[in-house]
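What follows is calculated from the coordinates using simple rules that are stated; it is not laboratory data. Predicted model only: the values in this text are computed from it and were never measured.
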Amino acid sequence: MRNAKVAVALAALVLAGCTGPTDSSSTPGGTTSSAPSTTLSSGPPTGGSTPGAPGTTEPAPEPPPQSGAVPLPGGETPVPTPRVDGGTLPDTYERQVSASADGRTLRVVGLAGGCKTAGAEVTAQSADQVRITLVTTYYPPAEGVVCTQELRDVPLNVTLDAPLGDRTVVLESREDTA
């Protein structure tokens with residue numbers, strides 16, 4: 001009977017270690033909450049073995065740095081939701097836009113991670129709308145290198161020819177391969 005109690009106590013300790021610490025300040029009930037990570041499956045794994053370490057894989061080298069993560073001049077003001085059209089964006093993208101104090105610089109949110117980088121381009125400007133394309137570029141890994149598939153939000157800045165004013169921001173996306 002004593003061995004059964006010890007086994008139950010050890011199992012409880014192991015399970016408690018697997019769930020990790022909780023932060024009672026994160027939610028009123030004392031449990032943590034986190035958004036699920038966004039993943040993108042691109043087919044079968046492309047990994048290989050690292051010489052001298054059978055069964056292990058080497059992480060991919062970091063892709064080129066992201067552009068546009070500098071603070072907006074004069075602070076930022078969110079563009080009201082009714083003036084942001086992200087209807088053609090996949091669900092993985094955030095549909096949020098912020099404008100600088102002078103209205104000429106906009107901050108949008110792209111996706112990057114693993115062997116993918118994020119970028120943004122102003123593709124059209126008219127009297128009633130600004131069209132911005134969020135570009136995710138895939139950099140194929142070298143032989144024997146694997147890329148993780150999780151994606152993260154990346155803030156990106158674009159500069160307009162004239163202040164945004166009351167114009168609508170239309171967000172689109174495109175995927176490129178380097």
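Details
- Potential extension, Arg83-Ser126 segment - 0.36 nm per residue separation minus Cα distance: 14.0 nm
- The length gained by stretching the chain between Ala162 and Arg95 to full extension, at 0.36 nm per residue less their Cα-Cα distance, is 21.9 nm.
- Between Val146 and Thr177, the contour length at 0.36 nm per residue exceeds the Cα-Cα span by 9.5 nm.
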